[in-house]
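Data first, discussion second: the structure below is written as structure tokens.
The values are calculated or read from the model by the stated rules, or taken from the named source; none is laboratory data. As the structure is a computational prediction, the values presented were derived from the model and not from experiment. Don't worry about glycine lacking a Cβ; one is built from the backbone with ideal geometry, like all the others, and counts go over all protein chains shown.
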Amino acid sequence: MKYVYNFGDGKADGKADMKNLLGGKGANLAEMNLLNIPVPPGFTLTTEVCTEYYKSDKTFPESLNQEAKDSLSIVENIMGAKFGDESNPLLLSVRSGARQSMPGMMETVLNVGLTSKTIPGLITKTNNPRFVYDAYRRLITMYADVVMEKAGEIEPKEGEGIRQKLEHHLTSYKKKHSLQNDTDLSEDDWIIIINVFKKEIKVTLGKDFPDDHYSQLWGGIEAVFKSWNGGRAISYRKIENIPEEWGTAVNVQTMVFGNTGEESATGVAFTRNPATGENKFFGEWLTNAQGEDVVAGLRTPNPLNKDTKTEGTKELPSLEESMPSIYNELYDIRTRLEKHYSDMQDIEFTIQDGKLWMLQTRSGKRTGVAAIKIAVDMVNEKMIDKKTGLMRVNPNQLDELLHPMLDTESEHKATILARGLPAGPGGAKGKAVFTADDAELWHSKGEKVILIREETSPEDVHGMHAAEAILTARGGMTSHAALVARGWGKCCIVGCNELNISTVEKEVRVGDTVIKEGEWITLNGTLGNVYMGQLNLIPSDPDTNLEYKKLMEWADETRKLKIRTNAESPDDAKQAIKFGAEGIGLCRTEHMFFDDTRILAMRKMILAENENDRRSAVMGLLPFQKEDFKGILKTMEGKPVTIRLLDPPLHEFITLNEEQINELASSLGIDRTIVVQRINSLHELNPMLGHRGCRLGIAYPEITEMQARAILEATAELTKEGINILPEIMIPLVGTVTEYTNQESIIRKVAEDIEKQYSLTLKYLVGTMIELPRACLTADEIAQHAEFFSFGTNDLTQTTYGFSRDDIGSFLPDYLDRNILSEDPFQSLDVNGVGKLVSMAVKLGRDINSSLKIGICGEHGGDPNSIHFCKNNGLDYVSCSPYRVPIARLSAAQAELT
Ligand code: PEP
Ligand code: MG
């Protein structure tokens, strides 16, 4: 097996489509070589090395050492320099590169190969001792942190890691000698600091920093492979659903330096604006710096070109102005890369002594707004076809367009507390918290929080994920916080310099204003404004976004699945129609009973001793229900509306306090002890498996009768008004065909009465939820009677797994941590288990009745993966909450295209 792939000098063993083996970075470095784009030569150790390493108890395959040696000599030949050589040393970088980019989640070691033997040679070669010692201290810091501490599995106490200790020495040294920036330190300063660093490493880690180039290289390689299983990488993989078995590749590459002087620079750029999608080359750069300086946000970076300067950066020099010919070369590469990959690229470059080198290209992370604009623009520019355009937008990203924005009026009235860079669009409000752990903790208690940090690091991802928004004092548009937030479509402001944050005091000061932990703040991530307190948020109106409308038009042309919504009020229904819903797939009627005026009648009905009393209580609800249904049916004119008969366990209606018991007793004219007795007799140990669903209508047929009457009288009256009404009456929790026919006959009888009463023929369907395994197994019997099936995958998941849908939270985190389940089956359909029942029921049902209408109305109806399953299994529609309708529309289109 080949474990090492070379690239350099216009040649490469790999290419772009070998991401699984070479990782994204390695595959694209190879591809750029093939495109004759200047890339520092190097080689990639494949993801298979990673898998082998973990399989064989953290040892490398035998042939790896020799392969790597051979590859290294190819690189040495291209560069005319030798690794570890005394007079002409080659320095290397060691970087991770998984199939899918995991920004900052794994480790990197730069400047590998600097030793007491090679340093003098490099000084003679570069004639720049300051630069060499600066590079050496960077190597020492990274190596001690990444290889000796992290990969050595040493777990220091919070704030006492080796990196922090070394940085602390550097800061005290600078303070003592009144030096502001790292660039103010001379060669002699660095020599002193290097000695302090080495002593600290020996004391803290009990080992010397290695002075042998090969030890450095293999230490670095192993540490990067180990970082695949580091805490950060694992949390990120969970959030992004990246399988553990993928592994990472490792890229060993010739070092190029952006910090050899003023003719050198480094930068990060996007071929189009990643926040808005605008077709403008967008990026940031720094002179005399190494790449980490741009991303870490330690210095405020300069804008790439005149075009993308903002109010805050207009005075800063752009690359376009400072190094015009290099800018032109970079611009040309931008155009070639975008054309070649036909997608927006995120690129990293370094300029060493006036020569441009490309260090990376990858498909750029972007906000949802940008994803839509780029996809639609590229179709219009004929760079990609419509099908590719549709596939380019992750349906969940649409969520961002549907997210709230700050209400401009309340924003005009408010005073801006501070301004930063608008890194992630939209508005958000939350309580201030200052550590990622606090963000997670508060969020778990149901609080909305905004995470405020000096800058974020990959260690903060869990808190960033839990927060409504992220606010940082430092960093640019390509800083860690900005990249991660944009990837998630989260509101984010970075580089807000006015913030004076104290993590110890848990407060932030802006001038004289202090915001303490737990106080509300509001962010406008589109403008970069920070406000005290809570401002109004208004739901966004995606209809004003023309590219979104275009994309949705293409999605609608492509998809065959219909999209309905779960809604129980005319307002929800209107919202859903605005988002493109083509009907209601589930109108749950139980919430209609909780209104003050109705609940009493309901309770009377439940506690009634005989049919007469029960009937009169239930019929008291008829006028209310009829109005409810009229409202919804009218709103949905011309579109099908599935109304489900009463479903929940009765105890939900009779969980009463003392006062309510007394009130009920007096209105029933009975003694309170009888009420208490009756309530106790209805107590169930397992209400979810108890007296609910069609079992209610069977025990109390008056309920079914009243609801059928309310629906069909509403239908008759609206029909008389000339409105086209399409009700579908749905019987819940059917497990036997006899349950179904029992309820169906009540409905049909009511319908006959009403047809006579109103002298018309009603247009309506009767069907059932399929939400119990037995209903799936006997779907053929049920289909002989039912006119439609709607899969209630919430209950079907509950009853198939035997997991209580309300209590899964107590053990699900353990299941996910231990990989017993890869995801929550209540969120994404368990295709292998629950899905098998669904497929079986569809087949059994359609074999009996080929025109049986089939949909899904469990939560899975709004989940992109589950929607693919529904399409593949021949369902007619999916039904989801109004805000997920656009997501379902796009997912359904994508399901047709894959
Ligand atoms: C279901 O069980 O999937 C369903 C839609 O019904 P409910 O969630 O109301 O039980
Ligand atoms: Mg259900």
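Residues in the stretch 645-669 that are within 16 Å of ligand 1 (Cβ to nearest atom) and part of a loop (DSSP other than H, G, I, E, B) were compared, and the one that is farthest from Gly767 (Cα to Cα) is Pro649.
Would you mind stating whether Met706 is part of a helix (DSSP H, G or I), away from ligand 1 (no atom under 16 Å from the Cβ) and either among the aliphatic types (A, V, I, L, M) or in contact (Cβ under 8 Å) with a residue 60 or more places away in the chain (or both)? The answer is yes for Met706. Only one of the numbered conditions (1) under 25 Å from Ala482 (Cβ atoms); (2) surrounded by fewer than 15 Cβ atoms within 10 Å (Cβ to Cβ) is not met by Glu557, and that is (1). When each of Ala269, Ala289, Ala275 is tested for being in a loop (DSSP other than H, G, I, E, B) and either in contact with a His (Cβ under 6 Å, 6 or more places away or on another chain) or within 18 Å of Thr350 (Cβ to Cβ) (or both), the lone residue that passes is Ala289. Assessment of the stretch 839-849 against the conditions (at pLDDT 95 or above and within 16 Å of ligand 2 (Cβ to nearest atom)) yields at least one matching residue.
Looking across the stretch 23-68 at every residue that is among the acidic types (Asp, Glu) and closer than 24 Å to Gln360 by Cα, the one that is surrounded by the most Cβ atoms within 10 Å (Cβ to Cβ) is identified as Glu31.
Can you pull out the residues in the stretch 843-890 that are touching a Cys at 6+ places or on another chain (Cβ under 9 Å), without any contact (Cβ under 8 Å) to a residue 60 or more places away in the chain and not charged (D, E, K, R)? The one that is touching a Cys at 6+ places or on another chain (Cβ under 9 Å), without any contact (Cβ under 8 Å) to a residue 60 or more places away in the chain and not charged (D, E, K, R): Gly862.
Restricting attention to the stretch 717-749, the residues being assigned to a loop (DSSP other than H, G, I, E, B) and either within 16 Å of ligand 1 (Cβ to nearest atom) or in contact with a strand residue (DSSP E or B) (Cβ under 6 Å, 6 or more places away or on another chain) (or both) number 4. Each residue in the stretch 572-620 was checked for being within 16 Å of ligand 1 (Cβ to nearest atom) and modelled with pLDDT under 85, and 5 of them qualify. Within the stretch 822-868, the residues that satisfy the criterion of being under 21 Å from Asp399 (Cα atoms), assigned to a helix (DSSP H, G or I) and touching a strand residue (DSSP E or B) at 6+ places or on another chain (Cβ under 9 Å) are Glu859, His860, Gly861, Gly862, Ser866, Ile867. The sole residue among Ile654, Ile606, Ile599, Ile632 that is touching a Lys or Arg at 6+ places or on another chain (Cβ under 7 Å) and closer than 30 Å to Thr793 by Cα is Ile654. When only residues in the stretch 377-395 that are of a type in the set (S, T, N, Q) and surrounded by 15 or more Cβ atoms within 10 Å (Cβ to Cβ) count, which is modelled with the lowest pLDDT? Filtering first and then ranking leaves Asn394. Just a yes or no: is a residue in the stretch 703-715 crowded, with 16+ Cβ neighbours inside 10 Å and within 16 Å of ligand 2 (Cβ to nearest atom)? No - not one qualifying residue is present in the stretch 703-715. Return yes when Glu519 is farther than 30 Å from Glu284 by Cα and in contact (Cβ under 8 Å) with a residue 40 or more places away in the chain and no when it is not. Taking the combined requirement at face value, the residue satisfies it. Go through the stretch 795-807 and give me each residue that's under 20 Å from Gly862 (Cα atoms) and either of a type in the set (A, V, I, L, M, F, W, C) or away from ligand 1 (no atom under 13 Å from the Cβ) (or both). Passing the criteria: only Leu796. Screening the candidates Thr673, Thr597 for the property of being among the β-branched types (Val, Ile, Thr) and within 30 Å of Leu718 (Cα to Cα) yields one hit, Thr597. When the test is whether a residue is β-branched (Val, Ile, Thr), in a strand (DSSP E or B), at negative phi and surrounded by 15 or more Cβ atoms within 10 Å (Cβ to Cβ), Val641 passes it. In the stretch 62-162, counting only helices (runs of 4 or more DSSP H) that sit wholly within it, the ones holding 2 or more residues that are touching a Pro at 6+ places or on another chain (Cβ under 7 Å) span 64-79, 118-126.
Among the residues of the stretch 781-803, write down those that are part of a loop (DSSP other than H, G, I, E, B) and away from ligand 2 (no atom under 13 Å from the Cβ). Listed by number, the residues that qualify are Gln784, His785, Ala786, Glu787, Gly802, Phe803. Take the conditions (1) assigned to a loop (DSSP other than H, G, I, E, B); (2) more than 12 Å from ligand 2 (Cβ to nearest atom); (3) closer than 17 Å to Gly693 by Cα; (4) not small (Gly, Ala, Ser); Asn819 misses just one of them, which is (3). Answer with yes or no whether Ser810 is surrounded by fewer than 17 Cβ atoms within 10 Å (Cβ to Cβ) and either within 16 Å of ligand 1 (Cβ to nearest atom) or not β-branched (Val, Ile, Thr) (or both). So Ser810 fits the description; yes. When Glu167, Glu222 are screened for being over 24 Å from Pro120 (Cβ atoms), outside any loop (DSSP other than H, G, I, E, B), in contact with a helix residue (DSSP H, G or I) (Cβ under 8 Å, 6 or more places away or on another chain) and without any contact (Cβ under 8 Å) to a residue 60 or more places away in the chain, only Glu167 passes. Any chance you could count how many residues in the stretch 778-794 are near ligand 1 (Cβ under 8 Å from one of its atoms) and in contact with a helix residue (DSSP H, G or I) (Cβ under 8 Å, 6 or more places away or on another chain)? Of the residues in the stretch 778-794, 3 are near ligand 1 (Cβ under 8 Å from one of its atoms) and in contact with a helix residue (DSSP H, G or I) (Cβ under 8 Å, 6 or more places away or on another chain). Among the residues of the stretch 761-780, those identified as hydrophobic (A, V, I, L, M, F, W, C), within 16 Å of ligand 2 (Cβ to nearest atom) and farther than 29 Å from Glu637 by Cβ are Leu772, Ala775, Cys776. From the list His683, His691, the lone residue that is modelled with pLDDT under 95, under 42 Å from the mean Cα position of the chain (by Cα), within 16 Å of ligand 2 (Cβ to nearest atom) and part of a loop (DSSP other than H, G, I, E, B) is His691. Scanning the stretch 799-810 for residues that are polar (S, T, N, Q) and modelled with pLDDT of 95 or more yields a count of 2.
When Thr183 is tested against (1) touching a helix residue (DSSP H, G or I) at 6+ places or on another chain (Cβ under 8 Å); (2) touching a residue at least 24 places away in the same chain (Cβ under 8 Å), exactly one condition is not met: (1).
Checking every residue in the stretch 289-306 against the condition of being among the basic types (Lys, Arg) and either within 26 Å of the chain's Cα centre (by Cα) or modelled with pLDDT of 95 or more (or both) gives zero matches. Per the conditions (1) surrounded by 19 or more Cβ atoms within 10 Å (Cβ to Cβ); (2) modelled with pLDDT under 95; (3) among the small types (Gly, Ala, Ser), the sole criterion not satisfied by Ser828 is (1).
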